[in-house]
1. Report, in degrees rounded to the nearest 10, the 0 to 90 angle that the Cα long axis of helix 2-29 makes with the longest principal axis of the chain.
2. Using 1/(1 + (r/R0)^6) with R0 = 35 angstrom and r between the beta carbons of Arg44 and Ile110, what's the FRET efficiency to the nearest 0.05?
3. Work from the charge dipole of region 49-168 (Cβ charges, +1 for Lys and Arg, -1 for Asp and Glu, about the Cα centre) and give the residue of Phe146, Gln93, Tyr73 farthest towards its positive end.
4. Tell me the label-point distance for the pair Thr147, Ser56, using the 7 Å Cα-to-Cβ offset, in nm and rounded to one decimal.
5. What's the exposure ranking of Glu85, Glu20, going from fewest to most Cβ atoms within 10 Å?
6. What is the Cα coordinate range of region 24-168 on the first, second and third principal axes, sorted by size from largest, in whole angstrom?
7. Just how many pairs of Lys in the chain have C-alpha atoms closer than 16 Å, counting pairs that are eight or more places apart or on different chains?
8. Using a simple charge model, +1 on the beta-carbon of Lys and Arg, -1 on the beta-carbon of Asp and Glu, nothing else, what dipole does the chain show about its Cα centre, in debye to the nearest 20?
Amino acid sequence: MAWHWQAKAQEDKTDAAKIEKVAVGLLARREHSAFELQRKLSQRGFDSLVIDDVISRLAEQGWQSDARYAEAYVRMRVERGYGRESIRAELGQRGVARAVIQTALDEADIDWLACAKRQIHRHYHAAPDGHDDQLRRYRHLLSRGFTPEQSRIASGQWRDAEGMDDAF
């Protein structure tokens, strides 16, 4: 009976080594939240108890960090033209704690209005053509997670060739 227990312990150790190797490979490509990492390793058929131990160990060693993941995610989504509320919701869906999300958003020090204006200029290539076009831009910004106030201001302005903002 003792031999069976030792064989099982050795098998778990081997699984842990395999799980760690896969996890480090995933983390080498990009940051992952603990939740994402757990999900991806579970999909590969590894035991969830061993996965949790491995992820905890990787977090202790600094290989995995939800805070670092949140910072990188905020930067990436801002570059792609998303607003604060959209980013907050997406990070929550990826298993990042609210406090970690709040810290990442606060420390990013982003001018969200300027981000909304950049998104309008990237997505639309001319000044708004009337109220309906301005409303379309407003809804576009809302759908990307900007506040109603940011969306209202950014959808009604257009930077002309001289860099001046025109209000509509």
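1. Around 20 degrees separate the two axes.
2. Using R0 = 35 Å, I get an efficiency of 0.45.
3. So the residue we want is Gln93.
4. Label at Thr147, label at Ser56, 4.0 nm between them.
5. On the way: Glu85 16, Glu20 20.
The order, fewest Cβ neighbours first, is Glu85, Glu20.
6. Its Cα atoms span 59, 26, 25 Å along the three principal axes.
7. 4
8. Numbers: 27 positive and 27 negative charges, 102 e Å.
Roughly 480 debye, rounded to the nearest 20.
Every number here is computed from the coordinates shown, using simple stated rules; none is lab data. Please read these numbers as outputs of a predicted model, since none were measured by experiment. Please note: Cβ atoms are built from the backbone with ideal geometry, for glycine as well, and neighbour counts cover all protein chains shown.
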